[in-house]
Amino acid sequence: MAQNEETSERFWGSFHGPNMGYIEEQYELYKEDRDAVDPSLIELFDKHGAPDWTKSAQSPSRTAVSEPVSPTTDIKKLTSAMRLVEAIRRFGHLEADIYPVGHDGRSTDMVDPDTYGLSEEDLRNIPANLLWEKAPESVNDGFEVIQELKKLYSGTITFEYDHVNSDDERAWLLNYIESGKYHAASSAENKKSLLERMAQVEGFEEFLQKTFVGQKRFSIEGLESMIPMLDRVVNNSIDDKIEHIMMGMAHRGRLSVLAHVLGKPFDKIFSEFHHSPDKELIPSEGSSGINSGWTGDVKYHFGATKDVQEGNGTSTRITLANNPSHLEFVNPVAEGFARAGQDYRFQKGYPGQDFNKALPVLIHGDASFIGEGVVAETLNFKGLAGYQIGGTLHIIANNLLGYTTNQEEGRSTHYASDLAKGFEIPIVHVNADDPVACVVAMKMAFEYRQKFHKDFLIDLVGYRRYGHNEMDEPRATQPYLYHEIDNHPTAANVFAERLQKEGVVEEGELKNLKNQTESNLREIYENMKEDDSAEAEIKSMPQALTNGLDRFETAVPLETLKRLNKDLQSRPEGFTVFRKLKRILSRRDHVLEEGNKADWGAGEALTYASILNDGIPIRLTGQDTERGTFAHRHLVLHDAETGETYCPMHGLEGVDVSFDIRNSPLSEAGVLGFEYGYSVQAPSTLVIWEAQFGDFANAAQVIFDQFISAARAKWGDKSNMVMLLPHGYEGQGPEHSSARLERFLQLAAENNWIVANVTSSAQFFHLIRRQAAMRGKEEARPLILMSPKSLLRNQRVASSPEEFSEGKFEPLRQQPNLKVSKKHAKRLLIGSGKIMVDIEDAIENSNEKFEWLRVLRLEQIYPFPKKQLEKELKELPNLKEIVWVQEEPQNMGSWDFVDDYLRDLLTEDQTLRYIGRPHRASPAVGEPNVDKAEQQQIIEQAINPSEGGDFSE
Ligand SMILES: Cc1ncc(C[n+]2csc(CCOP(=O)(O)OP(=O)(O)O)c2C)c(N)n1
């Protein structure tokens, strides 16, 4: 007999007498109109089907009429009790003991028997197993069921999983909670070592407080249990042979995490409080390094790595990502780290993925988790094939406050964690004063992640013993809360007292443990050979970054390119490409034949194919990137008959590395952070992110500002990732014209990145191949590329086969198709991107000879090719003026950036002039005709000899 039937039979078997008649009647009604019966009965009939006796030939209800009425069988009471049980499971958290301080007094009637009209006697009359199928032996009746379930759901740990839709997961969670597994008594030994750990954490923070009076450290105090929780993650990861733990967290408690989890040496931490220069301090065992760039960062932003070696030869590496002040933006970065750690890229096609290779752990603030949108963007990755990482463990370091802002001012939800519900993430709320419960919560989180490969969230509820930082006075803004905190014993004290009561430790144990910690730290501190008199050392960027990028060879033999193109043009047998697309793609068949040219789409495909052919994996993502926003790419084909997909990059003969192309979710900050993180952790892979239109990238400004442009200088993190930002004035209005080039140029310094705007498919080919070639090297740096829109279909940017098979990227490029008369040149017209193609067009369509005009394209704006331009200028003996031309308004584009460089190169009798749109508040006009007229005016001015004076000899 199936288990369900058995359960239902047992269930119906408990009804006697008149109740059977009532039930039967109700069941008939339910069959006719389910809404006509009490909801509790609907639930019952849905679950157990028809009452057993109605199935047999003889209706026992009639024969049983004379049986005595038992209160046990009062169906109303029973269903009410069942509703109460369900309410405890769903709402028990509302009256759980999860607040060490600051409980706002909120509770709920939903878990009160009175609400259901149930007395103790009513409940005692119901057999336990009617209410709770798997009730422990010791639980005898309904009343005890309620008591026991309240202990499970409303103690110092509580659960929310009603929003999880999967039956399997719900059953697992329910079983985990109700089997008592989670609250199984910890051994005395475990409790003792937990106390020892709590004493170390508290002792460390107190030592810093006493020794470095008034210095910021964003102490963990009030949430000390976070450390044993992380210990649990590390130990479980080692047991499960997880290779990487990738952590992201903000300032709160970071020094404690660095010291206790990442093994950052105490003396290193102390020396940073002295503001003394970096010393050659030896990392503690396994701690393999603390990153640093040449301008550095404040101590509570640095990350670290630590290798934990196991006896059996396996090892787990713990990485804490460097973190900027901007809260929560590290989340997608750490997720990108994890995905990079899980992907196997040395195989054809998409990369293989092993969730067990990397486990991400994110620690959030309670105010920022609910407040910062990037959190939602990150949570949204969890089920997406290109981004999922088999589950992240989230901890909210919930201290009830955000700076000086109270919870009710900071969010509209009941819990800080409520955002996670929409993503069906199970949530545990746990009282930070109960380290046993905290560790148990983490054990559950870990097991769930390993079983279902999905996210899990722990809301660690504690408080903040000091102000936002240790110099802040919180009593000015939260006097009541801090009155309570001031009178509240530390978590270690609360725990020690409990263990004393349980007879696990003696009185004074905690004091001894803390004395040990204190004397250990004092010894380390006193033995530090600090040299406070040492001059502050101003460091500079590595030599490699100052070298020219010229040394990378990027040409590819024509034969190789032809072979790759042939493979790109083939399809698996029987694959039907959509008719219209087939025609478009077939144009690429002959692009490498003599006399032909490869347009942007063909050149781009050859670029990626040749990089893969060099053994370098590629990950290319963005909104609608598989097809390309402007329908030029088509690197994922859809069989017109079966809908199956095929990526031509996966069919390249002899290529054994992955090409991971993905349409991204609609996000910029989240996805860019993810790709950046991926590129840092997978330095030998070329990571490319594409914005749909260039200026949508400004929704990811924090990632550009805090990570991509500055991470190397602050932290030493290297990335060679590419960002493709469509840019160009084509009459599409304010948000579809400019990629806000000026912002990237303003951030350009110390060779932090390359900013380019190229005008041929071969230039793109060499530039991107150069990015790939610098992978993992000291020269590595990101590339910001203004990518084309209308030029994608313009034959003027198509390149001949030799342009791919010879030469390299040219930062400064001659205007094609213009006869050059260096001797007669009076005006040097210089500009960047699409406007130069428009000018090429205008020159060709003009009757003018243009002997007086020299035109150069600045294809790499940063680093500015000063030497090449100097050389050019030397060859123009009669030059009168340099004219910068751009299609962007004067307060945008490159003008402000190039102005200084160009002015520096002028001789006394030369002038510098700007031609372009005037200063504007909005980047482009809305009306296409106006845009066209403006563009025409700029072009005419640029090539009109009378503009700017008479040049006649
Ligand atoms: C994006 C961003 N906005 C504002 C701040 C300024 N700030 C620093 S800490 C803080 C409060 C954070 O509260 P919470 O997330 O609860 O973390 P806690 O500091 O309380 O641990 C604020 C507003 C910031 N660092 N980052």
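The values are calculated or read from the model by the stated rules, or taken from the named source; none is laboratory data. Bear in mind the structure is a predicted one, so any value in this text is a computation, not a measurement. In this analysis, Cβ positions are derived from the backbone assuming ideal geometry, glycine residues included, and neighbour counts consider all displayed protein chains. Ligands, DNA and RNA are excluded from the accessible area calculation, which covers all protein heavy atoms including side chains. Shrake-Rupley method; radii C 1.70, N 1.55, O 1.52, S 1.80 Å.
For (1) out of contact with any strand residue (DSSP E or B) (no Cβ under 7 Å at 6 or more places or on another chain); (2) in contact (Cβ under 8 Å) with a residue 12 or more places away in the chain; (3) part of a loop (DSSP other than H, G, I, E, B), each residue gets a yes or a no:
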{"residue": "Lys150", "(1), (2), (3)": "yes, yes, no"}
{"residue": "His163", "(1), (2), (3)": "yes, yes, yes"}
{"residue": "Trp172", "(1), (2), (3)": "yes, yes, no"}
{"residue": "Ile177", "(1), (2), (3)": "no, yes, no"}
**Item:** Some residue of segment 109-127 being out of contact with any Cys (no Cβ under 6 Å at 6 or more places or on another chain) and at positive phi
**Value:** yes
**Message:** Can you tell me which of (1) within 36 Å of the chain's Cα centre (by Cα); (2) open to solvent by less than 10 Å² (accessible area, probe 1.4 Å); (3) without any contact (Cβ under 8 Å) to a residue 40 or more places away in the chain is the one Glu887 doesn't meet?
**Reply:** (3)
**Item:** Residues located in segment 42-99, provided they are modelled with pLDDT under 55 and charged (D, E, K, R)
**Value:** Arg62, Glu67
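Here is a yes/no grid of residues against (1) open to solvent by 10 Å² or more (accessible area, probe 1.4 Å); (2) part of a loop (DSSP other than H, G, I, E, B); (3) modelled with pLDDT of 95 or more:
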position: Ala748; (1), (2), (3): yes, yes, yes
position: Ala756; (1), (2), (3): no, no, yes
position: Thr759; (1), (2), (3): no, yes, yes
position: His766; (1), (2), (3): no, no, yes
position: Gly776; (1), (2), (3): yes, yes, no
**Request:** Can you work out which of the residues in segment 230-259 that are open to solvent by 20 Å² or more (accessible area, probe 1.4 Å) and charged (D, E, K, R) is farthest from the ligand (Cβ to nearest atom)?
**Result:** Lys241
**Request:** Please tell me if Ile227 is open to solvent by less than 10 Å² (accessible area, probe 1.4 Å), outside any helix (DSSP H, G or I), under 30 Å from Phe674 (Cα atoms) and at pLDDT 95 or above.
**Result:** no
**Message:** Looking for something touching a Pro at 6+ places or on another chain (Cβ under 7 Å), open to solvent by less than 20 Å² (accessible area, probe 1.4 Å) and modelled with pLDDT of 95 or more - is there at least one such residue anywhere in segment 864-884?
**Reply:** yes
**Item:** Scan of segment 484-525 for residues that are over 37 Å from the mean Cα position of the chain (by Cα), small (Gly, Ala, Ser) and assigned to a helix (DSSP H, G or I), ordered by number
**Value:** Ala496, Ser519
**Message:** Please go through (1) at positive phi; (2) free of Cβ contacts under 8 Å to residues at least 24 places away in the same chain for Glu328 and return the number of the only condition it doesn't satisfy.
**Reply:** (2)
**Message:** Take Gln209 and tell me if it is in a loop (DSSP other than H, G, I, E, B), touching a residue at least 60 places away in the same chain (Cβ under 8 Å) and over 24 Å from the mean Cα position of the chain (by Cα).
**Reply:** no
**Complete:** Within segment 526-546, restricting to residues that are surrounded by fewer than 14 Cβ atoms within 10 Å (Cβ to Cβ), not polar (S, T, N, Q) and not in a loop (DSSP other than H, G, I, E, B), the one that is modelled with the highest pLDDT is Glu526
**Asked** In segment 132-148, what residues are in a loop (DSSP other than H, G, I, E, B) and either small (Gly, Ala, Ser) or open to solvent by 30 Å² or more (accessible area, probe 1.4 Å) (or both)?
**Response** Glu133, Lys134, Ala135, Pro136, Glu137, Ser138, Asn140
**Filter result (surrounded by fewer than 16 Cβ atoms within 10 Å (Cβ to Cβ) and in contact (Cβ under 8 Å) with a residue 40 or more places away in the chain) within segment 890-899** = Asn891, Asp896
**Prompt:** Being open to solvent by 50 Å² or more (accessible area, probe 1.4 Å), part of a loop (DSSP other than H, G, I, E, B) and either closer than 30 Å to Ala492 by Cβ or touching a Phe, Trp or Tyr at 6+ places or on another chain (Cβ under 8 Å) (or both), is that true of even one residue in segment 70-89?
**Reply:** no
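Going by what's in this entry, would Thr576 be described as more than 36 Å from the chain's Cα centre (by Cα), open to solvent by less than 70 Å² (accessible area, probe 1.4 Å) and not aromatic (Phe, Trp, Tyr)?
So Thr576 passes the test.
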**Request:** Select from segment 342-361 the residues that are touching a helix residue (DSSP H, G or I) at 6+ places or on another chain (Cβ under 7 Å), over 17 Å from Gly651 (Cβ atoms) and open to solvent by 20 Å² or more (accessible area, probe 1.4 Å) and list them in ascending order.
**Result:** Gln353, Asp354, Phe355, Lys357
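Give me the residue from segment 90-120 that is in contact with a Phe, Trp or Tyr (Cβ under 8 Å, 6 or more places away or on another chain) and not in a loop (DSSP other than H, G, I, E, B) and, out of that set, surrounded by the fewest Cβ atoms within 10 Å (Cβ to Cβ).
Result: Glu120.
In segment 314-326, what residues are open to solvent by 30 Å² or more (accessible area, probe 1.4 Å), within 11 Å of the ligand (Cβ to nearest atom) and in contact with a His (Cβ under 8 Å, 6 or more places away or on another chain)?
Here is the first cut: in segment 314-326, the ones open to solvent by 30 Å² or more (accessible area, probe 1.4 Å) are 314-315, 317, 325-326.
Filter again for within 11 Å of the ligand (Cβ to nearest atom), leaving 325-326.
Across segment 314-326, the qualifying residue is only Ser325.
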**Message:** Among the residues in segment 339-352, are any within 16 Å of the ligand (Cβ to nearest atom) and in contact (Cβ under 8 Å) with a residue 40 or more places away in the chain?
**Reply:** no
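Suppose we filter Gly548, Gly508 for residues that are of a type in the set (Gly, Ala, Ser) and on the phi > 0 side of the Ramachandran plot; which single one remains?
Just one listed residue meets the conditions, Gly508.
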**Asked** What is the residue count in segment 204-217 for residues that are open to solvent by less than 10 Å² (accessible area, probe 1.4 Å) and either over 13 Å from Leu255 (Cβ atoms) or within 16 Å of the ligand (Cβ to nearest atom) (or both)?
**Response** 2
**Message:** Considering only residues that are surrounded by 22 or more Cβ atoms within 10 Å (Cβ to Cβ) and free of Cβ contacts under 8 Å to residues at least 60 places away in the same chain, which ones fall in segment 652-680?
**Reply:** Ile661, Glu668
**Message:** Considering only residues that are touching a His at 6+ places or on another chain (Cβ under 7 Å) and among the aromatic types (Phe, Trp, Tyr), which ones fall in segment 785-816?
**Reply:** Phe809
**Request:** Tell me the strands (runs of 3 or more DSSP E) entirely within segment 365-483 that contain at least 2 residues that are within 13 Å of the ligand (Cβ to nearest atom).
**Result:** 393-398, 456-461
**Item:** Every residue from segment 900-911 that is open to solvent by 30 Å² or more (accessible area, probe 1.4 Å), under 18 Å from Leu812 (Cβ atoms) and outside any loop (DSSP other than H, G, I, E, B)
**Value:** Asp900, Tyr901, Arg903, Asp904
**Asked** Take the residues of segment 841-855 that are without any contact (Cβ under 8 Å) to a residue 60 or more places away in the chain and surrounded by fewer than 21 Cβ atoms within 10 Å (Cβ to Cβ): which is nearest to Thr907 (Cα to Cα)?
**Response** Glu851
